[in-house]
Structures are given as C-alpha cells and as structure tokens.
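Following: one structure in structure tokens, then a few remarks.
The values are calculated or read from the model by the stated rules, or taken from the named source; none is laboratory data. Bear in mind that the values here come from a model prediction, so they are computed numbers and not experimental data. Cβ placement follows ideal geometry from the backbone for every residue including glycine, while neighbour counts extend to all protein chains displayed.
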Amino acid sequence: MAVKIKKVDVWAAELADQPGGLARVLSAMADAGASLECVIARRKPDQPGGGVVFLAPVKGKKAEAAAAAAGLRRAQDMGTLRVEGDDRPGLGGRMTRALADAGINMKGLSAMTMGKKFIAYFGFDRPEDADQAAAALKKVSSKKTKR
C-alpha cells in the first residue's frame, strides 16, 4: 500500500510552563467540540518558564474561534504533512532518506504506530518545502523492500 499524504494546517501557541498551561488550551478546544488528532507540547529550553503547543486539525468556525481565544494562531511559517499507512520495519528510515535525497530539511517529525498502522506529522520550514516533500514521499511504499 502506498502511503497517504495530506497537507495540513497546524495551529500553535506559546504556553506557560506551569501546571495547567496545556490544560487551559485543550479544555477550550474540548468546550468548542474540537476533535484533535495531534497535540505536541514541549518546554522551550531557551526560555525558562515558557513552552509551546501545536494542534491539528482545527476545523470549523467554532473550533477556530476557540483556538484564537486560547491564543493559538495558524502557523504561517511552516508547512506540515500528515502521512499515514501500513507500518513496516524501516519505513521511517525510507521516508526520511527520500527527503534527504531530495535535499529537503525537516523542522520536526512526530510519528507513532497503532496496531499495524502508522501516522506521522512532518514539519518543514516553508509551505513550499512541504509540497516538495509530498512529491518525494509519494515514491515511498510501506511495503517491505530489500536494501
């Protein structure tokens, strides 16, 4: 099976690195009925007391209004791809090798498996990089291949 690739919007916000910082944002999204597939939150090591959160997807007027009220903004300075497919040993290496061979640098990667499937979010410095990455990743199959 070929991997499924979709360009997605990511919303981001600064967080206070304290108990409840992330809960405030996620509670606002839940109150708006948002169904989030991906949440990434982390401290900012260069800014003590600060953190950042990334959410996807934020769909619908109510969810977008709640996100904005919680301090989130659609990330304009990055491109993101959601990639999913059948999980196979070595697939992550093949995907990242395809990007490297195409001369594309990633801003970040978050990936996980559930059962026999995987899902990954690839972040890039520019939306144009995500377009180029999608083309490179379309050539990668989740079938096991010989090295």
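What about residue 12, is it surrounded by 13 or more Cβ atoms within 10 Å (Cβ to Cβ) and touching a Phe, Trp or Tyr at 6+ places or on another chain (Cβ under 8 Å)?
The answer is yes for residue 12.
Return the residues of segment 62-100 that are of a type in the set (D, E, K, R), more than 14 Å from residue 140 (Cα to Cα) and not in a loop (DSSP other than H, G, I, E, B); say none if nothing qualifies.
Those that are of a type in the set (D, E, K, R), more than 14 Å from residue 140 (Cα to Cα) and not in a loop (DSSP other than H, G, I, E, B): 62, 64, 73, 74, 82.
Name the single residue that is surrounded by the most Cβ atoms within 10 Å (Cβ to Cβ) among those in segment 15-58 being touching a residue at least 40 places away in the same chain (Cβ under 8 Å), closer than 11 Å to residue 70 by Cβ and not small (Gly, Ala, Ser).
It comes out as 55.
What residue, among those in segment 128-137 that are surrounded by 13 or more Cβ atoms within 10 Å (Cβ to Cβ) and charged (D, E, K, R), is nearest to residue 3 (Cα to Cα)?
131
Just name the residue that is surrounded by the fewest Cβ atoms within 10 Å (Cβ to Cβ) out of those in segment 80-94 that are under 22 Å from residue 37 (Cα atoms), modelled with pLDDT under 95 and not charged (D, E, K, R).
Per the stated criteria, the residue is 92.
Quick one: would you say residue 2 is at pLDDT 95 or above and surrounded by 13 or more Cβ atoms within 10 Å (Cβ to Cβ)?
Here the answer is no, as residue 2 does not meet what is asked.
It is to be established whether one or more residues within segment 13-23 are touching a strand residue (DSSP E or B) at 6+ places or on another chain (Cβ under 9 Å) and in a helix (DSSP H, G or I).
Scanning segment 13-23, I find at least one residue that is touching a strand residue (DSSP E or B) at 6+ places or on another chain (Cβ under 9 Å) and in a helix (DSSP H, G or I), so the answer is yes.
Does residue 102 satisfy the criteria of being assigned by TED's automatic domain parsing to the domain that holds residue 23, free of Cβ contacts under 8 Å to residues at least 40 places away in the same chain and of a type in the set (A, V, I, L, M)?
For residue 102, the condition - assigned by TED's automatic domain parsing to the domain that holds residue 23, free of Cβ contacts under 8 Å to residues at least 40 places away in the same chain and of a type in the set (A, V, I, L, M) - is not met.
Report, by residue number, each residue of segment 101-127 that is of a type in the set (Val, Ile, Thr) and surrounded by fewer than 15 Cβ atoms within 10 Å (Cβ to Cβ).
113
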